[in-house]
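Here, each number is a calculation from the coordinates, and none is a lab measurement. All values derive from a computational prediction rather than experimental measurement. Glycine also receives a Cβ, built like all others from the backbone with ideal geometry; neighbour counts cover every protein chain displayed.
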């Protein structure tokens, strides 16, 4: 089958692409890049190059160059232009496959291929539609995650479900491990779905394929009242969303140490200010206090939940009923990431 592939320079995009290439003809790749300065784009390329698996293809551009097929970037040729539409038509794809792509695809583009388009989404839809679903699964301490292959429509992550599968999220599972599970499962389900489409000559949804039409509650974290409302409606939410710069999520007054530990392990401790430029916090483990008496020495020092204190073993993050043990580390990857997110 002739496939036009949409993705980014991340393993979650590149791994499915490599597997699809084993059985099908990739006629072109569209790389999504966020708008920004040329210097930040250069740093972003280095960052993703270092994060991806060792050996083989590391970027969409290098894949296209090796296969001698068109590589298109959304910055130089946006999807809503006539230029991109003409390029897509010239490639004559039968199917658009999408994984870890940062924008909605216009309907006129989805109408070009014979079979339309399919997307690999990192949650068990309809839960956690939208951006960074794994982040919100950590936020809500979900015990299960999943991957869904669904038909692409104009509405975000609301197309007919074609194939999906769940996996467990253990307490303290690191972000890298979760993303690896998502990548492996997305690769398996994407290749299986494309194989089924080719064999059937059409896209066939499952019996439960149609998603509910309820509109998701908008998520917000600005102010205690809105946070409380968000907590009360969390189980009815169907949507993830992008994170705003400087946004905080941990409710230090109400979250217990186990939830703080799990959230920090799954989000790379992004909530905490880095110890120094290029530094990051490694979340080691946690200790739950047996009773209020154990917390008295900490309170006597004037320490409050959210404070970080140096200890013999490294550092400890104070929580309302315990502490999270931290170690400070340095890496070039985090230095680049901090430069990318700096104003």
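Multiplying the residue separation of residue 204 and residue 284 by 0.36 nm and removing their Cα-Cα distance gives an extension gain of 24.3 nm.
What translational diffusion coefficient, to the nearest whole µm²/s, does segment 133-175 have by Stokes-Einstein, given a Kirkwood radius computed over alpha-carbon pairs, a temperature of 4 °C and 1.567 mPa s viscosity? Show your work: numbers first, answer last.
Details: Rh = 11.7 Å.
Translational D for this selection: 110 µm²/s.
Give me the number: length gained by fully extending residue 69 to residue 180, i.e. 0.36 nm times residue separation minus the C-alpha to C-alpha distance, one decimal in nm.
Answer, rounded to one decimal: 37.2 nm.
Sorting 164-176, 309-321 by their mean Cβ neighbour count within 10 Å, with the most densely packed peptide first, gives 309-321, 164-176. Residue ranges 268-279, 16-27 sort as 16-27, 268-279 when ordered by packing (mean number of other C-beta atoms within 10 Å per residue, highest first). Of the three principal axes defined by the Cα atoms of segment 2-200, the extents in descending order read 48, 44, 30 Å.
Normalised by the number of residues in segment 2-200, what is the relative contact order in percent for Cα pairs under 8 Å and 6+ residues apart?
Values: 339 pairs, mean separation 42.2, N = 199.
The value is 21 percent.
The calculated FRET efficiency for the pair residue 61 and residue 165, based on their C-beta separation and a Förster distance of 51 Å, comes to about 0.95. Considering only Cα atoms, the convex hull volume of segment 111-206 works out to 90 Å³ per residue.
Listed peptides 323-332, 127-136 appear in the order 127-136, 323-332 once ranked by packing, highest mean of other Cβ atoms within 10 Å at the front. Each of residue 331 and residue 247 was given a label point 7 Å from its Cα along the Cα-to-Cβ line. The distance between the two points is 2.3 nm. Each residue, residue 89 and residue 33, gets one label point 7 Å from its Cα in the Cβ direction; the gap between the two is 2.7 nm.
Given a Förster radius of 35 Å and the C-beta distance between residue 131 and residue 21 as r, what FRET efficiency does 1/(1 + (r/R0)^6) yield to the nearest 0.05? Show your work: numbers first, answer last.
Details: r = 27 Å, r/R0 = 0.77.
The calculated FRET efficiency here is 0.80.
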